[in-house]
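Heads up: the structure comes next, in structure tokens.
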Amino acid sequence: MKLLTLILENWRGVSASHIEFDGGVTLIEGPNEVGKSSLVEALRMLFRDKSGSKRKEVQAVQPVGDDVGSSVAAEVRCGEYHFTYSKTYNRKHGTELRILAPRAEQLTGDDAHNRAWDILSGHMDMALWDALLVEQGKEIGGVKLADSDGLARALDNAAGGAGVSGEESALFDAVQAEYERYFTLKTGKPRYADAQQRVEEHQERVQQLQATLRELDDDLRRFEHVSAEISRLQRAVPELEAAQKQYSQRWAAIDGLQSRLTAKEEEGKPLQDLLNHARNQWQQRQQAAADIARRAQELEQKQAALQPLAEQVAELERNVQVGDATQKELQTRRRALQQALQQARRDAAYLQDAAELARLQQLLARVQAQRGELAAARKLLEGIHITSAGRREIQDAASALDVARRTRDNAATRVRIEALQAVDWRLNGETLSLRPGETLERQVAATLQLEIPELARISIAPAASAGELAAEVDARQQALDALLAGFQVHSVEQAITRDEQRADAEQTVRTLRDRIDDTLQGADEESLQADCTRLQQACDDALQQRDPGQPLPASTHEAKQQLETAIEALDACESELDQENGRLQEQRAELARAQANQQQASVEVNALASVLDDKRSSLATAVEAEPDAALEQAVTEREQQLAAITAELEQLRAQLAAEDPDTVKLQLDNASHALRRAERDIIEQQQEQAVLKSRLDRAQANGLFEELEAAEQALAEAEDTLAATERRAAAAKLLWDTLNEHRDASRQAYVRPLREGIQNLGKIVFGSDFDITLAEDWTILKVIRGGLPIDFDALSVGAKEQLGILTRLAAARIVADEGGVPVIIDDALGFSDPSRLQSMGAAIAAAGRDAQVVVLTCTPGRFMYLGEVGVRRL
Amino acid sequence: MKFIHTSDWQIGMTRAFLSQEAAARYSQARIDAIRALGELAEKHHAKFMVVAGDVFESNQLSAQTLSRALDALNSVPVPVFLLPGNHDPLDASTLFRSKAFREQARSHIIVVENSEPIPVPGLLNVEVVGAPWFSKRPGTDLCAQTLKALQPAPGVTRILLGHGQVDSLSPDHSQPGVISQALLEQALAEGRVQYVALGDRHSLTNVGNSGRLCYSGTPLVTDFDEVEPNKALLVELDNDSCSLTPLSTGIWDFQAVQRDMNDPEDLAAFKQWLDAIRGKECTVLKVGFTGSVNLALAAELDALLEAQSHVFASLKRRERTTDLAVIPDALDDNAIALSGYADATWKALLARAATDDTATDALRLMYRLAGGAGSGAKGAADKGGRGA
């Protein structure tokens, strides 16, 4: 079909619109709300909806607030038909079909509609028409082409198929329905599990009943067996009783023999006793005689043994006496040595004391001398009163006096007298002799009286101040004098000398004290003195006690040697004594033992002798009472009697052995046991029989057999049903599988041309490595780019839309030869970028060479890349 | 002096090939046979009736079955001698000594419990002597044992009641329970017994030439291989003569048949044969087919059997003896129009059908679904809006 023109009047907001379509691509541009979508809607409605339709969608096309009819008219070429087709909806609705070719024809109303529908659907796949109409706002991505028989036919042709009758789908549905009677469509799980289960249940029931019947049958067999066993046992009992009786009788005979044997044995017993007694008597007699002989011999031996014992004792006694003498001698020697040792000790002590005494005496003498010196020094000190402090006071006073004198002298009038001739003078009463030239100078401190004899007396008085100074000197002099007196010295020089002497003496005292202390070395002088006295006493005593004949040891060393020698001698003596004591003790003990032995032996001999005497006398008595010959004879007689009885016993025993009592006893016991066992078995079997009988009675009239028959019948029925069902199911499954297999194969053959069509267009848009895989229903499963498959659903909205359009274009191209179906795209590709828009433009243009394509858009830029295109602007 | 010889009532027997409904009727027919025998006894003036073993199918019957059987037995107007057989031996679980039996059976019902001769009530010098089974596995010829113990009684008519296979007919002579035909014939010849009534064989059989040694057969058919079932014998003993008259006792029919099936004519003949059968509701059919048919004929045969199976007590294919090849032919191809992948599917299944029965079944199914002849299935649904 090809659209030639489309005219709208009063269609929604469009008052009038006239579009002429190109054979290839027609691009219809116009802003929003100008009525582009109305074109598509009107076109769809024109083919589908009768003009009288009251559908909501139809009513909706009436312009708002304008009570007029909405009309659409299209000029269409379809197969050999060329016609104009117009409809007015709602107000003054009507239909008109004007066929121009092949034969002019004009129809109105429903006739026109039906005729138009026949022409259109006869030449165009209406399902494909719907699919290729891309309306604005509808999802554009996936496109369902599988319902289109036209496309299928075209694809079948393309695939070189044998032709599609269209009946396959009906058969396919029927087979599917049949298959679904037996299997679930999705999982292929059988639906007749209940039939299988019924069979199993019946099988179980049958087996159970068979088992029960088998048990019953076993019980029956057992019952028969037990009954047979009971009768067998009951028959066997008398036989067993007879056997038991026979052996009992034999046993009784054996028993009799046994008793006789026992009686005979009892008879022999006292005889044996008598024999034993006689033998004992005879034996005792013999023994008594032998005993006496033995004892006599023994006594002899013992008596012989006594002499050596006595000799031994004597020798031991001698040894002890020698030992005693030796001991005494050693004791004497020890005493002497002890005394010598004592002397040596005393000597050593004496020498030591004497030495100590000498040392102490020397020490004390030295101390005495030192004490003398000390006393002298102290005496010296007693005469000295000056102290070092006193000395300094004196010296100070002296220097003060000196100062006062000088001061006075310096202030005093000086009198210088020079003798011109030797003259004697008197000065203050003092006579002075001066030789010529000699001078005498004096200071006038006090009134000076100079008398020159014969010549003159001259008084010279000092000035008044001179008196004060002189007083000062006097004071000083007095102070000094007082000090000197206080310290009992008469001059300053002496004070100094005495002070030095005092210091020396004090030093001497200290030195001496130290020396005495050194000498004493901390000892008390008095105790030393006492020691001396004591030692002197000791020495004197020692000398006095000492034997004057004996010389004193020359030195302590010698004394010590003598002492050691004495100790060694004593030690040697004592050890010898100890040894001797031990030996003596042993000898004494030995002596005691020997004496005891002697004693015991002698006692034994006496005792033996006494016993021997007794025995001899009692034997004599016995022989007198019963001579040996009588005893011997008694023994012989008894032996003969016993031999007779023993022979009889042998005979009885032989008889008994011949009867074989062990075997008879065994047989008897066995027969008794067998009988008892049979009786017991009978009871047990009867008990079991009773149990079985009661069980069988209970099983009576329980209808088990009939139940089994019924169950078997039910099982057979169920098995038949199942087998039939399974057979039908298997057939249905095989048919279904085979049909699907071939359907899929044919679908696959169809898919190829469509895929190639999409791929060819897709290469323009997506590049030369573009490929796709299609499902059997011709929807796109995967897109392959650069060898990488991507799920269709995972693609972007833009890519889905582009592929949706390409798929439609491809489908339109495929059916183009069979009359074709226009592709109408309303306002698509909103999600595509400019480069995609460019290549989509190329793809649409390429499709437009084979098929009619109508593109509506409000954004003309989107399709600026469309080359061969007729543009209409609204 | 007339009496009825019957055996193998097998009361309690069911058959697995019967549907539940038919099985109930079949069981009832066994009970009805007892009454029928009673009526026959009355009609033919028989003085008593002997049942030579297997009165019951088993010792383990339900109380209901036993009661119904006894009720029917009680209605028989003459004395009835029941011999325990291999199915209902006189063992510890025997029905004959059960409480229900003792309480319900009337006095004219006499169980043969040992080998002692039993005088027939109401008749002078007529005795029944039996060889009852005491277990399912007898160790010896029970009839021989009974005869051996039998004291001669001149002037007394004796009827021996035995159960089991006679050695001349038994396929397995070594079985210990087999009955010596020679011994029986000898006893007849010597006049120790005047008639031997045997049971165990379900077909009416006259053994040997004495004319007095018979199996009566079962009064109600139990299997397909039985010859002259549904019978009892009316025995008339007079002085030296013995006459036997078979009596019909049942209408149930078990048939195993074999049919050729190659073309529509065979099918038509088979259909006609089926139609001609009377008493279909008491007829059990087992049919084996041989030959080869196309899908159309196979479908028609299926349809016929399906339809008739509701009429018969049982109508089954004998799978064992059925060798019917279903081979699609050109006629079948013409009967259905296939194209495209459906056609490919058809051809693929056809290739497999030679060796695979399931493939044949699948073809038959496809044939039916595609609207082939004889299938009676609906045609493919038309699809609207499709181009020519």
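The values are calculated or read from the model by the stated rules, or taken from the named source; none is laboratory data. Bear in mind the structure is a predicted one, so any value in this text is a computation, not a measurement. Note: ideal-geometry Cβ built from the backbone for every residue, glycine included; neighbour counts use all protein chains shown.
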Check: Do you know which of the residues in the stretch B:28-63 that are touching a helix residue (DSSP H, G or I) at 6+ places or on another chain (Cβ under 9 Å), surrounded by fewer than 21 Cβ atoms within 10 Å (Cβ to Cβ) and of a type outside the set (Lys, Arg) is farthest from the other protein chains (Cβ to nearest Cβ)?
Finding: B:32
Next item on the list: Take the residues in the stretch A:162-180 that are closer than 13 Å to residue A:743 by Cα and buried (at least 21 other Cβ atoms within 10 Å of the Cβ), then tell me which one is modelled with the lowest pLDDT.
Entry: A:167
Check: Looking only at residues in the stretch B:351-387 that are facing chain A (nearest Cβ under 7 Å), more than 12 Å from residue A:170 (Cα to Cα) and out of contact with any Leu (no Cβ under 6 Å at 6 or more places or on another chain), which one is modelled with the highest pLDDT?
Finding: B:361
Item checked: the stretch B:78-91, residues that are in contact with a Phe, Trp or Tyr (Cβ under 6 Å, 6 or more places away or on another chain) and away from every other protein chain (no Cβ under 14 Å) -> B:78, B:79, B:85
Item checked: residue A:626 modelled with pLDDT under 90, closer than 30 Å to residue A:267 by Cα and exposed (fewer than 13 other Cβ atoms within 10 Å of the Cβ) -> yes
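Does residue A:25 satisfy being closer than 20 Å to residue A:77 by Cβ and touching an Asp or Glu at 6+ places or on another chain (Cβ under 6 Å)? Walk me through how you get there before you give the answer.
Numbers: closer than 20 Å to residue A:77 by Cβ: yes; touching an Asp or Glu at 6+ places or on another chain (Cβ under 6 Å): no.
When the stated conditions are applied, residue A:25 does not pass them.
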Check: For the stretch B:37-53, how many residues are in contact (Cβ under 8 Å) with a residue 24 or more places away in the chain, more than 20 Å from residue B:107 (Cα to Cα) and assigned to a helix (DSSP H, G or I)?
Finding: 1
Notebook entry, point to check: Which one of these does residue B:152 not meet: (1) assigned to a helix (DSSP H, G or I); (2) surrounded by fewer than 17 Cβ atoms within 10 Å (Cβ to Cβ)?
Noted result: (1)
Notebook entry, point to check: When the residues of the stretch A:431-451 are filtered to those that are over 25 Å from residue A:473 (Cα atoms) and surrounded by 15 or more Cβ atoms within 10 Å (Cβ to Cβ), which remaining residue is nearest to the chain's Cα centre (by Cα)?
Noted result: A:434
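For residues in the stretch B:64-77 being more than 7 Å from chain A (Cβ to nearest Cβ) and hydroxyl-bearing (Ser, Thr, Tyr), which is nearest to residue B:24 (Cα to Cα)?
Taking the stretch B:64-77 as the starting set, the residues that turn out to be more than 7 Å from chain A (Cβ to nearest Cβ) are B:64, B:67-77.
Applying the additional criterion that residues be hydroxyl-bearing (Ser, Thr, Tyr) yields B:67, B:75.
Details: B:67: 16, B:75: 21 Å.
Only one residue tops the list, namely B:67.
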Check: Can you find even one residue in the stretch A:765-783 that is crowded, with 18+ Cβ neighbours inside 10 Å, of a type in the set (Phe, Trp, Tyr) and within 14 Å of chain B (Cβ to nearest Cβ)?
Finding: no
Next item on the list: Would you kindly identify the strands (runs of 3 or more DSSP E) lying entirely within the stretch B:155-262 that contain at least 3 residues that are in contact with a Leu (Cβ under 6 Å, 6 or more places away or on another chain), charged (D, E, K, R) and without any contact (Cβ under 8 Å) to a residue 24 or more places away in the chain?
Entry: none
Note to self: Residues to consider are A:553, A:548; find the one that is surrounded by 15 or more Cβ atoms within 10 Å (Cβ to Cβ) and assigned to a loop (DSSP other than H, G, I, E, B).
What the structure shows: A:553
Next item on the list: Could you run through the stretch A:712-732 and say how many residues are more than 8 Å from every other protein chain (Cβ to nearest Cβ), within 17 Å of residue A:178 (Cβ to Cβ) and touching a Phe, Trp or Tyr at 6+ places or on another chain (Cβ under 9 Å)?
Entry: 3
Margin query: Given the condition farther than 25 Å from residue B:23 by Cβ, touching a residue at least 24 places away in the same chain (Cβ under 8 Å) and within 9 Å of chain A (Cβ to nearest Cβ), answer yes or no: does some residue in the stretch B:93-100 qualify?
Written below: yes
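Would you please name the residue that is surrounded by the fewest Cβ atoms within 10 Å (Cβ to Cβ), looking only at residues in the stretch A:1-60 that are part of a loop (DSSP other than H, G, I, E, B) and of a type in the set (Ser, Thr, Tyr)?
Quick first cut of the stretch A:1-60, residues part of a loop (DSSP other than H, G, I, E, B) only: A:1, A:12-13, A:21-24, A:30-35, A:49-55, A:60.
Now restrict to residues that are of a type in the set (Ser, Thr, Tyr): A:51, A:53.
Details: A:51: 25, A:53: 16.
Ranking the qualifying residues of the stretch A:1-60, first place goes to A:53.
Please indicate, with yes or no, whether at least one residue in the stretch A:741-756 is crowded, with 17+ Cβ neighbours inside 10 Å, of a type in the set (A, V, I, L, M, F, W, C) and closer than 17 Å to residue A:810 by Cβ.
Step one: of the stretch A:741-756, the residues crowded, with 17+ Cβ neighbours inside 10 Å are A:742-743, A:746-747, A:750-751, A:753-755.
Filter once more, so that each one left must be of a type in the set (A, V, I, L, M, F, W, C): A:751, A:754.
Add one more test, that the residue is closer than 17 Å to residue A:810 by Cβ, and what stays is A:751, A:754.
Yes - at least one qualifying residue is present in the stretch A:741-756.
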Check: Counting only residues that are of a type in the set (Phe, Trp, Tyr) and in a loop (DSSP other than H, G, I, E, B), which one in the stretch B:1-27 is surrounded by the most Cβ atoms within 10 Å (Cβ to Cβ)?
Finding: B:9
Margin query: For the stretch A:698-710: of the residues being more than 7 Å from chain B (Cβ to nearest Cβ) and modelled with pLDDT of 80 or more, which is surrounded by the fewest Cβ atoms within 10 Å (Cβ to Cβ)?
Written below: A:707
Next item on the list: Considering each of B:112, B:129, B:207 in turn, give the residue that is in contact with a Gly (Cβ under 6 Å, 6 or more places away or on another chain) and among the β-branched types (Val, Ile, Thr).
Entry: B:112
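Suppose we filter the stretch A:76-129 for residues that are in a helix (DSSP H, G or I), small (Gly, Ala, Ser) and in contact with a helix residue (DSSP H, G or I) (Cβ under 8 Å, 6 or more places away or on another chain); how many remain?
Step one: filter the stretch A:76-129 for residues in a helix (DSSP H, G or I), giving A:109-123, A:126-129.
Keeping just the survivors that are small (Gly, Ala, Ser) gives A:109, A:112, A:116, A:121-122, A:127.
Filter once more, so that each one left must be in contact with a helix residue (DSSP H, G or I) (Cβ under 8 Å, 6 or more places away or on another chain): A:116, A:127.
So the answer is 2.
If you take the residues in the stretch A:516-545 that are in contact with a helix residue (DSSP H, G or I) (Cβ under 7 Å, 6 or more places away or on another chain) and acidic (Asp, Glu), which one is surrounded by the most Cβ atoms within 10 Å (Cβ to Cβ)?
The extreme case among them is A:531.
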Item checked: Residues being among the small types (Gly, Ala, Ser) and in contact with a Pro (Cβ under 8 Å, 6 or more places away or on another chain) - total across the stretch A:416-470 -> 5
